[in-house]
1. Which residue pairs have Cβ atoms closer than 6 Å, lie 6 or more positions apart in sequence or on different chains, and pair a first residue in the stretch 239-264 that is closer than 12 Å to Ile195 by Cβ and in contact (Cβ under 8 Å) with a residue 40 or more places away in the chain with a second residue that is surrounded by 16 or more Cβ atoms within 10 Å (Cβ to Cβ) and acidic (Asp, Glu)?
2. Can you find, within the stretch 52-76, the residue that is farthest from Gln310 (Cα to Cα) among those that are in a helix (DSSP H, G or I) and open to solvent by less than 10 Å² (accessible area, probe 1.4 Å)?
3. Would you say Ser213 is touching an Asp or Glu at 6+ places or on another chain (Cβ under 9 Å) and open to solvent by less than 30 Å² (accessible area, probe 1.4 Å)?
4. Quick check on this structure: which one of Thr88, Thr108, Thr120 is in contact with a Gly (Cβ under 6 Å, 6 or more places away or on another chain), more than 25 Å from Lys77 (Cα to Cα) and either among the polar types (S, T, N, Q) or not in a loop (DSSP other than H, G, I, E, B) (or both)?
5. Within the stretch 154-198, restricting attention to residues that are among the charged types (D, E, K, R) and either open to solvent by less than 10 Å² (accessible area, probe 1.4 Å) or modelled with pLDDT of 95 or more (or both), which residue is farthest from Arg229 (Cα to Cα)?
6. Could you list, in sequence order, the residues of the stretch 190-205 that are without any contact (Cβ under 8 Å) to a residue 24 or more places away in the chain and not hydrophobic (A, V, I, L, M, F, W, C)?
7. Going through the stretch 131-159 one residue at a time, which ones are charged (D, E, K, R) and either under 14 Å from the mean Cα position of the chain (by Cα) or assigned to a strand (DSSP E or B) (or both)?
8. Report yes if Arg58 is at pLDDT 95 or above and of a type in the set (D, E, K, R), otherwise no.
Amino acid sequence: MNLELKRKIPTVQEIRAMYPLSREDRRRKAENDEKISEIFTGKSSRFLLIIGPCSADRADAVVDYCRKLVEVQEKVKDKILIVPRVYTNKPRTTGDGYKGMLHQPDPTGEPNMLKGLIATRRLHIQVLEETGLSTADEMLYPGNQRYLSDVLSYVAVGARSVENQQHRLTASGQDIPVGMKNPTSGDLSVMMNSITAAQHPHTFLYENWEASSKGNPMAHAILRGYVNRHGQSSPNYHYEDLVAVSELYAETELKNPAIVVDTNHANSGKKFYEQPRIAKEVLHSMRHNRDVARIVKGLMIESYLEDGKQGPGECTYGKSITDPCLGWEKTERLILDLAELL
């Protein structure tokens, strides 16, 4: 077998005991969960912004960024609810490149997933402790979800994972909103099938257990654009796209129909500076169609302290090392503009 077992990973209970949530943090996290769920169930008219770096590469810069989010959140709290995007594990198209803090807690060091698992939990807790905001992360490895399930308030299943059975069934056992992205092909039926699977109860193998889920009524769609047969990025955030997904929902009996629009990735062609324009176009579409206004619950935006991304050998604090992001000055302006438009 061409496989080396390098180190045994502690159990969920052991890791949680080593790095527990305080009573106050559990209370704040529960309050955040309630506020977010009220958006998806229609009890709240606030708009959701899941916003932050493409990848959480270093704890100090991520926490600094989240402190800035708290300041602007106070200014827009009546209209917008902010959830920091703290993505600690990254899918890679070819399998090469930086795979996130989970794999490499030091981006310049060797992979160490035990240290990475600890670093990711500590970072999510640190953001909650220092800002009061609880975080969003991507479910790259379903088996790792329980290491963070008491800390996260939002989970996304990525475009490359959304067809995977284990991701769908694990999503069905979550008690927080789980966004199911359209696949890279853009096939909306795959996305809708994944939402259906996530909303239904299941019995399945999870780690070393036979597990039973109740279904997740807050599983929903994330539109992130797609790649056409020529390998070119194509958007799916336009008015016609939002109406089409609304009509697909209407053909189902799914609970809490919802769309979150990812303003980067294939929707922007990774042209990060287009994100403000895309965000404002989505709001414009909402103003022209009541069904679209009801179903679009928020945006996912890639943003960090500095514009763009850095190349090999560069060492700029708060600048993405994966996909390019919107810098803080533009980010703050965008959030304030969105609040005015809502």
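The values are calculated or read from the model by the stated rules, or taken from the named source; none is laboratory data. Everything numeric here is computed off the predicted structure, so don't read it as measured data. Glycine gets a Cβ as well: all are built from the backbone with ideal geometry, and neighbour counts include every protein chain shown. Each accessible area value is taken on the protein alone, full model and side chains, heavy atoms only, with ligands, DNA and RNA left out. Shrake-Rupley method; radii C 1.70, N 1.55, O 1.52, S 1.80 Å.
1. none
2. The residue in question is Val76.
3. No; evaluated as a whole, the condition is false for this residue.
4. Testing whether each residue is in contact with a Gly (Cβ under 6 Å, 6 or more places away or on another chain), more than 25 Å from Lys77 (Cα to Cα) and either among the polar types (S, T, N, Q) or not in a loop (DSSP other than H, G, I, E, B) (or both) leaves just Thr88.
5. Once the filter is applied, the top-ranked residue is Asp175.
6. Once the filter is applied, which keeps residues that are without any contact (Cβ under 8 Å) to a residue 24 or more places away in the chain and not hydrophobic (A, V, I, L, M, F, W, C), the stretch 190-205 yields Asn193, Thr203.
7. Result: Asp137, Glu138.
8. The answer is no for Arg58.
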